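Report on the structure given below.
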Amino acid sequence: MDRYAPLRHRTIALVGLMGVGKSSVGRRLANALDLPFRDADSEVEAAAGRSVADIFSELGEDAFREGERRVIARLLEQPPHVLATGGGAFMNPLTRALIKSKAVSVWLKADLEVLARRVSRKENRPLLAGKDPLAVLQGQAEARYPAYGEADVIVETGDAAHHVTVEQVIQALSDHLAARPS
Ligand code: S3P
């Protein structure tokens, strides 16, 4: 019997802070489960014809958030897939409600020091530009953890390699679905 079959019935939405691996883990998870992969940030970029950083600087964060909400609503109408959301997406109450009703949500969680180290390697995140990553992440954790805590499944990733996290996510989802088959 295919142990992954029950995991293919609903979209799996990954939520959590910047740098936790939503996109890289999501892509590998999709591969492992033989599901399509969608990245909300990339879809917003495609729809806007510019990068997330350019959307923030040229159109403003509110425009990005509105685009993000619309894109995720559209993706959630598609057949089951693995969806990597941007770190702020689950903070929108409409998006959160939609994800809850149409997907199974997984909060990928890691120590802020680990995330700060990872995000420092890239310059592409507008919310970090010119700021101390750890301080930004601490502020976001305070504001966002209550909402992320509403996810169906929480996976503490530590600093593990992505393929290890993928196995953890599969196990946690299998346990969750076995407890409440739907
Ligand atoms: C954001 C996270 C980013 C991106 C945008 C805003 C946030 O996505 O959506 O820069 O508010 O945390 P990642 O979580 O994939 O870095």
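The values are calculated or read from the model by the stated rules, or taken from the named source; none is laboratory data. It should be emphasised that the depicted structure is a prediction, and the values quoted were computed from it without experimental measurement. Methodologically, a virtual Cβ is constructed for each residue, glycine included, from the backbone with ideal geometry; neighbour enumeration extends over all protein chains shown. Heavy atoms of the whole protein, side chains included, go into the accessibility calculation; ligands, DNA and RNA do not. Shrake-Rupley method; radii C 1.70, N 1.55, O 1.52, S 1.80 Å.
Tabulated values for the structure
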item: Leu33 being in contact with a Phe, Trp or Tyr (Cβ under 7 Å, 6 or more places away or on another chain), away from the ligand (no atom under 15 Å from the Cβ) and not basic (Lys, Arg); result: yes
item: One residue from Leu127, Leu108, Leu94 being under 26 Å from Arg50 (Cα atoms), within 12 Å of the ligand (Cβ to nearest atom) and not in a loop (DSSP other than H, G, I, E, B); result: Leu127
item: Evaluation of Ile99 against (1) in a loop (DSSP other than H, G, I, E, B); (2) in contact (Cβ under 8 Å) with a residue 60 or more places away in the chain (one fails), failing number; result: (1)
item: Answer residue from segment 134-144, given it is touching a residue at least 40 places away in the same chain (Cβ under 8 Å) and either under 11 Å from Met18 (Cα atoms) or not in a helix (DSSP H, G or I) (or both) and is nearest to the ligand (Cβ to nearest atom) among those; result: Gln140
item: Strands (runs of 3 or more DSSP E) within segment 1-91 that include 1 or more residues modelled with pLDDT of 95 or more and open to solvent by 20 Å² or more (accessible area, probe 1.4 Å); result: 37-39
item: Per-region count, segment 36-78, residues more than 11 Å from the ligand (Cβ to nearest atom) and touching a residue at least 60 places away in the same chain (Cβ under 8 Å); result: 4
